[in-house]
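The values are calculated or read from the model by the stated rules, or taken from the named source; none is laboratory data. This one's a predicted model, so the numbers in the text were calculated from it and none came from an experiment. Every residue, glycine as well, gets a Cβ built from its backbone with ideal geometry; the counts of neighbours run over all protein chains shown.
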Amino acid sequence: EMVLPSLLEFLGHEDETVVVAHNAPFDLGFLKAAAQTHEYSWPKYQVLDTVKLARHLLTRDEVYDCKLSTLAQFFETPIQPTHRALDDAHSTVAVLHGLFERLGSFEVDTVEKLFNFLSDKKKKLREKIPKEF
């Protein structure tokens with residue numbers, strides 16, 4: 001109850017903020033529930049999920065799953081996730097940097113291009129699904 005107003009102030013306006021999280025739906029579910037419980041409106045932030053980005057950029061040959069610990073090991077991050085907020089936040093940032101390095105070859109250099117890249121990948125996958133069986 002006491003932290004939520006400070007968090008919302010820190011995050012700022014929804015038009016100016018991209019929230020980055022690993023397995024974002026899980027964490028955001030708790031934050032949205034807390035906001036609702038305490039009668040705060042949760043802004044419609046753009047959300048970048050490092051799990052989703054990793055699934056678009058890494059192959060199964062590179063990583064067998066997209067758990068934060070697996071990605072932290074793959075990118076050789078200086079801090080391994082421990083299921084403690086600060087360590088996991090540091091690991092997520094390091095993983096995000098590793099994923100951003102991969103994005104360079106796709107000429108993704110803005111937030112808009114990043115979300116278009118994620119959207120385009122979905123469209124391309126859907127196009128491969130046969131319409132009739």
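Here are some notes:
- Residue count for region 52-66, restricted to those that are without any contact (Cβ under 8 Å) to a residue 12 or more places away in the chain and in a helix (DSSP H, G or I): 1
- Filtering Ser69, Ser41, Ser6 for residues that are hydroxyl-bearing (Ser, Thr, Tyr), loosely packed, with under 11 Cβ neighbours inside 10 Å and not in a loop (DSSP other than H, G, I, E, B) leaves a single hit, Ser6.
- Residue within region 89-96 that is more than 18 Å from the chain's Cα centre (by Cα) and closer than 25 Å to Phe117 by Cα present: no
- Condition broken by Arg55, with the remaining ones in (1) in contact with an Asp or Glu (Cβ under 6 Å, 6 or more places away or on another chain); (2) modelled with pLDDT of 90 or more satisfied: (1)
- Of all the criteria given as (1) closer than 30 Å to Met2 by Cα; (2) at pLDDT 95 or above; (3) among the polar types (S, T, N, Q), the one not satisfied by Ser41 is (2).
- Scan of region 72-94 for residues that are more than 16 Å from Lys52 (Cα to Cα), of a type in the set (Val, Ile, Thr) and crowded, with 19+ Cβ neighbours inside 10 Å, ordered by number: Thr77
- The number of residues in region 18-54 that are within 27 Å of Ser69 (Cβ to Cβ) and either under 16 Å from the mean Cα position of the chain (by Cα) or basic (Lys, Arg) (or both) comes to 25.
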